[in-house]
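What follows is calculated from the coordinates using simple rules that are stated; it is not laboratory data. Note that the structure is predicted; figures quoted are calculated from it, not measured. Glycine also receives a Cβ, built like all others from the backbone with ideal geometry; neighbour counts cover every protein chain displayed.
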Amino acid sequence: MKKISTIELTYGAIFICLMTIGANIAVWFPFLAIPIGGVSVPLSLQTFFAICAGLFLGKKLALLSLSAYTLIGIAGVPVFANMRAGLFTLFDYTGGFLLSFIFVAFVTGWLAEKQAAFKITNSFFIAVIGVAINYLIGVNYMYIAMNTWLGLTISYPTAWLSMTPFLIKDGIMAVFAAILLVHMMRRLPNTMFLNNSQKI
């Protein structure tokens, strides 16, 4: 098994930091939180950074980076949204989104590695798949959590409807992720951990 190099560890650590920053945008800008079913859900850039991790790092390193981010938070370091930490954060209404980031990073990384050439179109397609995974896991988990152990009654259509502002935001950010990938690979091709045969 190939060992992870120092530069790879550094890039993985950068994405752990970016996920932490992206999770807590609403801490510094409280207006970036939307009330849903009696609770307040903060806007974040975590979906964007999880997709970027997959696109830039590939499936293996992205998976390790996002798994490390989750484990750091579970261990007690306040890296989750609203500077929260601990295992019980995963049982909150946003716990599904936290868990989904690992799958988002892995799947987008796997799809990125399958590409023979990178264009805005196929990069955007991969990013949209990442957004879809994020919301399919996150919203369904939120619905179940609210209607069972959290005791907050909400209908399934309302759960999806309430996430519309976030979905629109992450859809727009998926475009930025695709554009950023293409421009980064043009400028810094040797820093990417995807297949070296991939072309712009």
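Descriptive notes on the structure:
- The chain: angle of helix 59-75 to the longest principal axis, Cα-based, in degrees nearest 10: 40 degrees
- Using the rule -39500 (n - 2.57) for each DSSP H run of four or more residues, divided by the residues of the chain, the 222 nm mean residue ellipticity is -21500 deg cm²/dmol.
- Among the listed pairs Lys119/Lys169; Lys60/Lys114; Lys3/Lys114; Lys3/Lys119, those beyond 19 Å (Cα-Cα): Lys119/Lys169; Lys3/Lys114; Lys3/Lys119
- Rounded tilt (10° steps) of 120-147 against the dominant C-alpha axis of the chain: 20 degrees
- Value of relative contact order over the chain, rounded to a whole percent, pairs C-alpha under 8 Å and six or more apart: 23 percent
- With Cα atoms, 0 to 90° folded angle of helix 6-23 axis to the chain main axis: 30 degrees
- Residue (of Val139, Pro30, Leu61) at the positive-pole extreme of the chain, dipole from beta-carbon charges: Leu61
- The stretch between Ala116 and Ile21, if pulled fully straight at 0.36 nm per residue, gains 31.0 nm over its current Cα-Cα span.
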